[in-house]
1. Filter the stretch 271-297 for residues that are more than 11 Å from the ligand (Cβ to nearest atom), within 30 Å of Ala231 (Cα to Cα) and buried (at least 24 other Cβ atoms within 10 Å of the Cβ) and give the result.
2. Which members of the stretch 229-270 meet the condition of being part of a strand (DSSP E or B) and either near the ligand (Cβ under 9 Å from one of its atoms) or touching a Ser or Thr at 6+ places or on another chain (Cβ under 7 Å) (or both)?
3. Looking at (1) touching a residue at least 24 places away in the same chain (Cβ under 8 Å); (2) open to solvent by 60 Å² or more (accessible area, probe 1.4 Å); (3) aromatic (Phe, Trp, Tyr), which one does Tyr64 not meet, given that it meets all the others?
4. How about the stretch 205-220: which of its residues are of a type outside the set (A, V, I, L, M), more than 15 Å from Ser235 (Cα to Cα) and more than 14 Å from the ligand (Cβ to nearest atom)?
5. In the stretch 279-298, what residues are more than 14 Å from Asp253 (Cβ to Cβ) and in a strand (DSSP E or B)?
6. Which condition does Gly39 not pass, out of (1) surrounded by fewer than 16 Cβ atoms within 10 Å (Cβ to Cβ); (2) modelled with pLDDT of 95 or more, if it passes all the others?
7. From (1) out of contact with any Asp or Glu (no Cβ under 8 Å at 6 or more places or on another chain); (2) crowded, with 18+ Cβ neighbours inside 10 Å; (3) of a type in the set (Gly, Ala, Ser), pick out the condition that doesn't hold for Ala163.
8. Looking only at the stretch 442-461, count how many residues are surrounded by fewer than 21 Cβ atoms within 10 Å (Cβ to Cβ) and not in a strand (DSSP E or B).
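The values are calculated or read from the model by the stated rules, or taken from the named source; none is laboratory data. Just so you know, these numbers come straight off a predicted model, no measurement behind them. Using ideal geometry, Cβ is built from the backbone for each residue, glycine included, and neighbour counts are taken over all protein chains shown. Calculation scope for accessible area: heavy atoms of the full protein, side chains included, ligands and nucleic acids excluded. Shrake-Rupley method; radii C 1.70, N 1.55, O 1.52, S 1.80 Å.
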Amino acid sequence: MAFKDDCAVVAEALAAFEAESRAGRLRVINQVPMREMMGRLDLARLIEGGGLQGERLRRFLGEYLAASTRLQHPGYMSHQVAVPQPASALAALVDGFTNNAMAIYEMGPAAATVEMAIVNWMLDKIGWRPQPLPGGAAPDGVVVGGGVLTHGGSLANLTALSAARARVAPESFAEGTPRNLVIVASPASHYSIARSAGILGLGQKAVRHAPTDDGGRIVAGRLGGCLARLAEEGSVVLAVVANACSTALGLYDPIRAIAEVCGDAGAWLHVDGAHGASALVSRRRRGLLDGVELADSLIWDAHKMLRTSTLCAGVLVRDGRDLDHAFREDASYLFHDKDQPGFDFIHRTVECTKSALGLKALFALAAEGEGAIERTFDGRCDLAEAVADHLAGEDGVEVAVKPQTNIVCFRVAGDDELQLELRRRLTQAGMHYISSTEAKGRRWLRLALMNPATGIEDVRSLMQEIRRHLADIAHEPQGKT
Ligand SMILES: *Cc1c(COP(=O)(O)O)cnc(C)c1O
């Protein structure tokens with residue numbers, strides 16, 4: 001029963017880690033140099049000699065957790081990675097143990113069924129028709145949605161854009177990508193869009209900038225003209241990419257208006273909802289995605305705002321056939337095979353062996369029901385509004401935009417280098433962990449308020465620490481001001 005005993009060791013260590021982190025007295029981030037870490041963890045000896053059980057396991061976890069970034073710490077405000085619902089971590093354990101690589105049904109019937117349920121739950125939230133279960137084909141002429149879960153939003157974007165390519169230039173998969181394909185996106189789009197363009201053979205230069213306002217939001221009224229000019233120059237639009245929301249500032253593009261322009265132009269609309277599609281669970285905020293049902297595809301990371309352990313990202317399409325064609329031209333044999341007890345997701349993904357990603361999202365949702373996820377989402381967005389108001393009232397602080405989600409960008413009086421220097425000092429001290437970003441042509445300090453344990457008082461203490469660093473900097477001989 002060594003496994004059960006070791007589970008108890010792990011559970012105890014994690015519970016202590018969580019309690020210590022929540023209390024907020026230790027550092028949220030502690031970057032022990034790798035060279036030193038290697039020794040502390042005694043890795044070479046463990047690999048050679050083994051023995052990572054019982055007391056040795058307990059000691060190892062002590063060292064490991066001491067140098068782990070504490071997402072449960074109220075000072076964790078940096079990246080868009082969920083503070084997982086603890087149950088979601090249990091799902092990761094079950095998945096790791098059973099190791100049902102469920103991309104084909106026979107390798108994980110339960111896991112594949114859970115993935116189907118999560119995909120259909122997401123489709124339903126968007127307003128697309130859920131996929132019928134095997135044996136229950138949709139009535140003739142009815143378009144049903146489709147989806148798959150991938151290891152992260154970057155891969156999800158690549159997968160959705162592959163589906164778009166299969167519709168717009170179906171010969172691409174076998175013959176190579178035509179030279180005149182372009183993607184139209186805001187300059188504020190996530191870098192995985194440009195990376196996908198490179199991987200898909202369009203080249204990164206094929207990402208053309210959509211007309212935007214100074215917050216990087218697409219101006220729908222000028223998009224039609226942009227698409228017409230591209231058509232005149234002989235370009236074919238693979239997809240228009242809208243942000244829901246953007247990574248840096250957390251702003252939503254006006255999806256309905258963009259969808260109408262795309263509809264007129266016959267262009268595929270892809271919505272990058274990696275972070276912000278979770279507003280679909282919020283009755284108060286789903287209007288931010290108004291018109292999303294008119295899009296062709298959407299991606300949605302559960303490991304950002306659905307409190308799911310990394311990774312679990314949904315690739316969702318209005319017409320499921322588009323996804324079936326993403327990686328092969330002739331997918332007709334996939335449909336309506338009534339003899340199959342289940343559904344093989346393998347045709348829809350880059351991955352071959354695939355984790356039971358849906359289980360982590362399921363455990364996060366099912367721990368307390370989706371209402372709890374909605375409350376957390378709304379709570380973090382409400383906090384962001386309060387934080388933005390608070391910061392805007394501070395002397396010498398500028399807030400980039402009124403937040404639409406749980407992301408707040410601000411800067412203190414001074415140049416870009418000063419903002420970076422402040423982040424360096426905060427990270428070094430380790431009590432507040434924030435990020436920084438470029439937007440509107442300048443450098444900002446950025447808060448992603450992911451943690452249900454973070455409150456306005458934590459932002460006040462962050463500002464106090466920032467003021468202390470500013471005073472230090474001002475008193476240094478070559479003070480940066
Ligand atoms: C985070 C993010 C991504 C990338 O998702 P990963 O899961 O980190 O690969 C893509 N697009 C947007 C808008 C994001 O915020």
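1. Leu289, Val292, Ala295, Ser297
2. Filtering the stretch 229-270 down to residues part of a strand (DSSP E or B) leaves 236-243, 269-270.
Matches in the stretch 229-270: Val241, Asn243, His270.
3. (1)
4. From the stretch 205-220, those of a type outside the set (A, V, I, L, M) are 205, 208-209, 211-217; that's our starting set.
Now restrict to residues that are more than 15 Å from Ser235 (Cα to Cα): 211-217.
Pro211, Thr212, Asp213, Asp214, Gly215 - these are the residues of the stretch 205-220 that are of a type outside the set (A, V, I, L, M), more than 15 Å from Ser235 (Cα to Cα) and more than 14 Å from the ligand (Cβ to nearest atom).
5. Within the stretch 279-298, the first condition is being more than 14 Å from Asp253 (Cβ to Cβ), and the residues that meet it are 280-286, 293, 296-297.
Of everything in the stretch 279-298, just one residue is more than 14 Å from Asp253 (Cβ to Cβ) and in a strand (DSSP E or B), namely Ser297.
6. (2)
7. The one condition Ala163 does not meet is (1).
8. Within the stretch 442-461, the first condition is being surrounded by fewer than 21 Cβ atoms within 10 Å (Cβ to Cβ), and the residues that meet it are 442-443, 452-453, 455-457, 460-461.
Then keep just the ones that are not in a strand (DSSP E or B); that gives 452-453, 455-457, 460-461.
Number of matching residues: 7.
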